[in-house]
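Peer 1: Here it is, the structure in full.
The values are calculated or read from the model by the stated rules, or taken from the named source; none is laboratory data. What you are looking at is a predicted structure, and each value in this text was computed from that prediction instead of being measured. Here the Cβ is made from the backbone with ideal geometry for all residues, glycine too, and neighbour counts use every protein chain on show. All accessible areas refer to the heavy atoms of the entire protein, side chains included, with ligands and DNA or RNA removed. Shrake-Rupley method; radii C 1.70, N 1.55, O 1.52, S 1.80 Å.
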Protein chains: 2
Amino acid sequence: MDLVTVRELYRNREEYLDKEVTIGGWVRSIRDSKTFGFIVVNDGSFFENLQVVYHDNMENFGEISKLNVGAAIIVKGTLVATPQAKQPFEIQATEVVVEGTSAPDYPLQKKRHSFEYLRSIAHLRPRTNTFQAVFRVRSLTAYAIHKFFQERGFVYVHTPLITGSDCEGAGEMFQVTTLDMNNVPKNADGTVDYSKDFFGKETNLTVSGQLNGETYAQAFRNIYTFGPTFRAENSNTTRHAAEFWMIEPEIAFADLEDDMILAENMLKYVIRYVMENAPEEMNFFNSFVDKGLIDRLNNVVNSDFARVTYTEAIEILEKHNDKFEYKVSWGADLQTEHERYLTEEIYKRPVFVTDYPKEIKAFYMKMNDDNKTVAAVDCLVPGIGEIIGGSQREDDYDKLVARMKELGLKEEDYGFYLDLRKYGSTRHAGFGLGFERCIMYLTGMSNIRDVIPFPRTVNNCEL
Amino acid sequence: MDLVTVRELYRNREEYLDKEVTIGGWVRSIRDSKTFGFIVVNDGSFFENLQVVYHDNMENFGEISKLNVGAAIIVKGTLVATPQAKQPFEIQATEVVVEGTSAPDYPLQKKRHSFEYLRSIAHLRPRTNTFQAVFRVRSLTAYAIHKFFQERGFVYVHTPLITGSDCEGAGEMFQVTTLDMNNVPKNADGTVDYSKDFFGKETNLTVSGQLNGETYAQAFRNIYTFGPTFRAENSNTTRHAAEFWMIEPEIAFADLEDDMILAENMLKYVIRYVMENAPEEMNFFNSFVDKGLIDRLNNVVNSDFARVTYTEAIEILEKHNDKFEYKVSWGADLQTEHERYLTEEIYKRPVFVTDYPKEIKAFYMKMNDDNKTVAAVDCLVPGIGEIIGGSQREDDYDKLVARMKELGLKEEDYGFYLDLRKYGSTRHAGFGLGFERCIMYLTGMSNIRDVIPFPRTVNNCEL
């Protein structure tokens with residue numbers, strides 16, 4: 001159908017003023033007097049609504065006036081400037097065609113609904129202001145990430161979702177199977193006979209694409225992944241979901257310093273892109289969801305991120321131990337309260353904390369010369385704490401094998417990964433950005449269930 | 001590290017000629033005489049290699065000359081034009097630093113390996129010419145798809161991977177569970193007690209994001225999904241994988257005609273983008289993988305796609321039934337041989353076949369007035385047959401419910417989907433593009449295992 005979008009009318013209004021236009025959209029509100037009425041329409045292309053004025057010279061005036069919120073209509077009319085009104089223009093309709101009515105029990109009436117209630121109607125909530133804004137920002141953020149990496153020649157790699165290995169023991173996994181659960185085939189010794197399963201062995205949903213990603217970085221030099229990741233953690237918090245998306249770039253011929261530069265540039269790029277391309281949505285969040293959001297994001301964009309080693313950070317934080325629920329001391333992982341104190345109170349800008357004790361980080365991180373810390377980095381941002389975690393990878397075959405032995409990991413499970421250290425190993429680094437964490441940061445939304453279209457959490461897999 | 005990429009040297013050579021440059025990459029071949037040698041290096045940023053000349057005035061001349069294929073090196077030197085040679089320039093090295101050696105058993109020697117062998121070393125095959133080309137094209141294609149939709153204001157929606165419903169019965173599904181397979185909890189009646197499972201019910205991996213996508217189209221008007229999809233089909237063919245990626249746009253206030261225009265524009269855009277951004281790779285495919293590829297793609301870009309109804313197509317094909325293994329007749333689904341005959345022999349360009357018998361299409365497709373056919377469309381392209389399948393959706397509540405009843409689908413399983421027809425229903429349409437099918441089409445690669453970084457097929461879930 002040849003319809004103009006409301007976005008187009010707002011962005012290029014001069015082209016359309018005083019001309020006939022046809023739009024299609026959904027009724028947000030409607031009120032009528034005896035001879036005319038107003039309909040506020042949203043067409044999903046743009047955060048702002050469009051007001052339509054209709055008159056009783058239309059033969060379906062009665063039908064229109066009876067429309068309920070949520071109805072779909074197609075409106076033809078003249079776009080007229082309204083200098084006295086709040087909105088910049090309206091349509092003086094010559095024709096309003098009802099595309100689809102909305103039943104009287106439409107769950108979204110013109111009142112404020114709680115986020116909790118809206119979660120129970122995940123298929124309808126994108127029709128509300130908040131979720132229009134959230135999910136448009138989500139879409140733009142995803143694109144900004146692709147754009148950032150593609151403009152820099154990074155190769156996008158689809159790492160596998162179904163996996164035969166628990167790469168880094170990063171968390172509880174979901175099992176994937178085609179075995180009949182009512183009648184699980186067993187071996188003679190009573191164990192499950194996985195030779196009968198689809199892949200002929202036990203398989204799970206991935207918790208990270210990093211190890212696979214590294215293999216591609218050793219071929220393409222700079223790569224990134226952007227795909228779903230799964231955790232079967234039984235944690236019912238506002239920050240955990242069983243299914244979420246991750247971005248994991250990996251760069252060869254690169255060290256921890258390169259990794260930090262990449263992370264800083266990426267975050268700034270994404271924030272800028274979203275603020276430029278969704279100003280209406282960002283203003284909405286700033287006004288109604290998280291006052292101070294835009295200042296905070298501007299501060300990130302305009303700051304040079306600070307740098308501090310874990311050891312230095314501990315020294316700084318120990319002086320303020322009276323303020324913390326969990327007291328800090330060297331060797332313990334930083335809690336969110338410590339992270340936020342560092343970035344909000346000490347530095348007042350984003351900060352990279354580097355060189356963590358090896359005991360609290362993954363096996364593949366590069367050992368520093370002190371033999372106590374590894375070349376890990378967490379990026380902390382005001383308002384949230386850790387948003388990115390990364391590291392330079394151990395590229396020395398012998399050191400990696402030694403560390404794996406210390407941790408009881410079997411060499412044979414990591415043959416492909418060790419091969420990378422055998423055949424043309426390079427210093428290399430990478431990081432992981434939780435996509436939903438990033439959206440929460442950009443929007444100020446405080447529950448991960450409200451930034452995922454159809455969230456999956458413990459005991460919740462609706463629609 | 002401050003390295004220039006080989007891509008940058010090729011694309012902006014004038015800036016670098018006769019200047020000192022430093023590159024990092026992997027040895028593709030090496031040969032030396034007593035006093036100097038040549039190394040062919042690929043740095044993963046670009047399909048073409050770079051030749052490095054080194055001399056015995058370097059103190060590590062011996063070390064360099066002993067390098068094996070696959071070793072990682074960092075080369076400093078002057079970029080010099082080589083007008084007499086096949087390649088446009090080379091580096092006259094002043095320094096070659098060995099970043100990582102390559103063990104003598106490096107599996108990729110300078111000879112042709114079979115695709116089958118390379119599948120067994122999926123972590124190393126991206127270092128070969130063919131797979132460098134395939135996976136760069138895969139990355140660019142993914143980006144082109146995002147770019148196409150984002151430039152048109154479409155909202156990217158992440159539909160869920162784990163699902164509680166088998167939306168359209170599109171195929172065998174993988175079960176997702178955290179139950180202990182060795183000791184599956186049972187109800188009193190002997191059935192599996194799914195209340196103990198992570199989500200409190202039986203869950204599977206999605207076979208399509210379409211139904212979820214429709215809910216967002218009814219809010220944002222134009223949306224697309226781009227994510228992984230799963231089929232647990234026990235079919236060991238060159239065209240089936242258990243895990244693959246799909247693109248599923250959905251457009252509201254739109255009919256089948258709009259859907260076809262969108263599909264045609266998208267395909268042309270993607271082909272153009274890849275040909276412009278990966279000319280070296282496309283020439284390689286055209287020379288070594290699929291002669292005629294570029295002509296075929298150019299033909300698609302420059303054609304107006306043909307249109308024919310299923311009923312007309314059957315009439316045309318029946319005249320050629322002697323040529324087909326499976327004879328055509330009204331009511332039967334088209335086989336690949338028929339599809340290819342239509343697009344390659346009859347139309348000699350892409351063709352949309354529309355209005356299929358309702359019996360061979362999904363329940364949600366819009367019934368035509370004849371009550372026998374539905375507003376479905378398949379896009380057929382030369383060399384492959386069907387590449388896109390789509391339809392206008394049934395937007396009438398009563399008709400949809402009636403069709404569901406005919407097919408024995410339970411209304412209560414589709415409550416959210418029926419809601420869309422109750423609250424502001426609009427005519428709407430969409431299609432699905434199998435991403436791997438698209439990559440096979442763009443590259444001429446004939447086995448789906450060779451266009452997925454780490455393919456998952458029956459009995460195969462390695463790395």
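Peer 1: Which condition number does A:V80 fail, the rest of (1) surrounded by fewer than 18 Cβ atoms within 10 Å (Cβ to Cβ); (2) in contact with a strand residue (DSSP E or B) (Cβ under 9 Å, 6 or more places away or on another chain); (3) without any contact (Cβ under 8 Å) to a residue 24 or more places away in the chain being met?
Peer 2: (3)
Peer 1: Within 14 Å of chain B (Cβ to nearest Cβ), open to solvent by 60 Å² or more (accessible area, probe 1.4 Å) and closer than 25 Å to A:I346 by Cα, is that true of A:E312? Before you say what the answer is, go through the steps one by one.
Peer 2: Working: within 14 Å of chain B (Cβ to nearest Cβ): no; open to solvent by 60 Å² or more (accessible area, probe 1.4 Å): yes; closer than 25 Å to A:I346 by Cα: yes.
So A:E312 fails the test.
Peer 1: OK, next. Suppose the filter is open to solvent by less than 10 Å² (accessible area, probe 1.4 Å), more than 13 Å from the chain's Cα centre (by Cα) and within 12 Å of chain A (Cβ to nearest Cβ); does B:G424 pass it?
Peer 2: Yes, satisfied.
Peer 1: If a residue has to be more than 21 Å from B:A375 (Cα to Cα), open to solvent by 30 Å² or more (accessible area, probe 1.4 Å) and of a type outside the set (D, E, K, R) to count, how many in region B:322-341 make the cut?
Peer 2: Qualifying residue count, region B:322-341: 2.
Peer 1: Continuing with this model, one more query. I need the helices (runs of 4 or more DSSP H) fully contained in region A:371-463, keeping only those with at least 1 residues that are touching a strand residue (DSSP E or B) at 6+ places or on another chain (Cβ under 9 Å) and modelled with pLDDT of 95 or more.
Peer 2: A:397-406, A:435-443
Peer 1: Something else now. Would you pick out the residues in region A:427-463 that are away from chain B (no Cβ under 12 Å) and among the hydrophobic types (A, V, I, L, M, F, W, C)?
Peer 2: Residues satisfying the conditions are A:F431, A:L433, A:C438, A:M440, A:L442, A:M445, A:I448.
Peer 1: Out of region B:201-257, which residues are of a type in the set (G, A, S) and touching a residue at least 60 places away in the same chain (Cβ under 8 Å)?
Peer 2: Within region B:201-257, B:S208, B:G213, B:A217, B:G227, B:A232, B:S235, B:A241, B:A242, B:A252, B:A254 qualify.
Peer 1: Further question on the same structure: Out of all the residues in region B:83-93, which are without any contact (Cβ under 8 Å) to a residue 60 or more places away in the chain and open to solvent by less than 20 Å² (accessible area, probe 1.4 Å)?
Peer 2: Answer for region B:83-93, where residues must be without any contact (Cβ under 8 Å) to a residue 60 or more places away in the chain and open to solvent by less than 20 Å² (accessible area, probe 1.4 Å): just B:A93.
Peer 1: Filter region A:1-34 down to the residues that are more than 12 Å from chain B (Cβ to nearest Cβ) and under 16 Å from B:A219 (Cα atoms) and list them by number.
Peer 2: Matches in region A:1-34: A:S29 only.
Peer 1: In region A:16-47, which residues are open to solvent by less than 30 Å² (accessible area, probe 1.4 Å), part of a strand (DSSP E or B) and either touching a Ser or Thr at 6+ places or on another chain (Cβ under 8 Å) or not hydroxyl-bearing (S, T, Y) (or both)? Explain how you work it out, then say what you get.
Peer 2: Residues of region A:16-47 that are open to solvent by less than 30 Å² (accessible area, probe 1.4 Å), as a first pass: A:21, A:23-27, A:29, A:37, A:39, A:41-47.
If we keep only those that are part of a strand (DSSP E or B) too, we end up with A:21, A:23-27, A:29, A:37, A:39, A:41-42.
Within region A:16-47, A:V21, A:I23, A:G24, A:G25, A:W26, A:V27, A:G37, A:I39, A:V41, A:N42 meet the criteria.
Peer 1: Name the single residue that is least open to solvent (accessible area, probe 1.4 Å) among those in region A:406-417 being touching a Leu at 6+ places or on another chain (Cβ under 7 Å) and within 12 Å of chain B (Cβ to nearest Cβ).
Peer 2: Ranking the qualifying residues of region A:406-417, first place goes to A:Y417.
Peer 1: With respect to A:I360, determine if the residue is within 31 Å of the chain's Cα centre (by Cα), of a type in the set (A, V, I, L, M, F, W, C) and more than 24 Å from A:D322 (Cβ to Cβ).
Peer 2: No, not satisfied.
Peer 1: Scan region B:262-291 and report the pairs whose first residue is touching a residue at least 24 places away in the same chain (Cβ under 8 Å) and among the acidic types (D, E) and whose second residue is part of a helix (DSSP H, G or I) and open to solvent by less than 20 Å² (accessible area, probe 1.4 Å), with Cβ atoms within less than 6 Å and a gap of 6+ or a chain change.
Peer 2: Between residues of region B:262-291 that are touching a residue at least 24 places away in the same chain (Cβ under 8 Å) and among the acidic types (D, E) and residues that are part of a helix (DSSP H, G or I) and open to solvent by less than 20 Å² (accessible area, probe 1.4 Å), the close pairs are B:E281/B:A133; B:E281/B:R136; B:E281/B:V137.
Peer 1: Still on this structure, I have one more. Please state which of the following conditions A:N182 fails to meet, knowing it meets all the rest: (1) open to solvent by 10 Å² or more (accessible area, probe 1.4 Å); (2) farther than 30 Å from B:M1 by Cα; (3) facing chain B (nearest Cβ under 9 Å); (4) not in a helix (DSSP H, G or I).
Peer 2: If we test A:N182 against (1) open to solvent by 10 Å² or more (accessible area, probe 1.4 Å); (2) farther than 30 Å from B:M1 by Cα; (3) facing chain B (nearest Cβ under 9 Å); (4) not in a helix (DSSP H, G or I), just (4) comes out false.
Peer 1: With the requirement that a residue be under 9 Å from A:A306 (Cβ atoms) and touching a Phe, Trp or Tyr at 6+ places or on another chain (Cβ under 8 Å), what does region A:338-352 give you?
Peer 2: Answer for region A:338-352, where residues must be under 9 Å from A:A306 (Cβ atoms) and touching a Phe, Trp or Tyr at 6+ places or on another chain (Cβ under 8 Å): A:R349, A:P350, A:V351, A:F352.
Peer 1: Counting just the residues of region B:124-159 that are open to solvent by less than 10 Å² (accessible area, probe 1.4 Å) and among the β-branched types (V, I, T), which one comes out farthest from A:N277 (Cα to Cα)?
Peer 2: Here the residue is B:V134.
Peer 1: How many residues does region A:94-123 hold that are over 21 Å from B:T215 (Cα atoms) and either open to solvent by less than 10 Å² (accessible area, probe 1.4 Å) or among the β-branched types (V, I, T) (or both)?
Peer 2: So the count comes out to 3.
Peer 1: Only one of (1) open to solvent by less than 50 Å² (accessible area, probe 1.4 Å); (2) over 20 Å from the mean Cα position of the chain (by Cα) is not met by B:N299, so which one is it?
Peer 2: (1)
Peer 1: May I pose another question? Would a scan of region B:365-383 turn up a residue that is within 22 Å of B:A429 (Cα to Cα) and small (G, A, S)? Give the steps one after another, and end with the answer.
Peer 2: Initially, region B:365-383 is screened for residues within 22 Å of B:A429 (Cα to Cα), giving B:365-381.
With small (G, A, S) added as a condition, the list becomes B:375-376.
Checked against the condition, which is being within 22 Å of B:A429 (Cα to Cα) and small (G, A, S), region B:365-383 yields at least one hit.
Peer 1: Here's something else I'd like to know. Exactly one of these conditions fails for A:Q87: (1) closer than 23 Å to A:R112 by Cβ; (2) at pLDDT 95 or above. Give me its number.
Peer 2: All conditions pass for A:Q87, except number (2).
Peer 1: Another question, then. Take the residues in region B:383-405 that are more than 29 Å from A:M1 (Cα to Cα) and in contact (Cβ under 8 Å) with a residue 40 or more places away in the chain, then tell me which one is least open to solvent (accessible area, probe 1.4 Å).
Peer 2: B:I384
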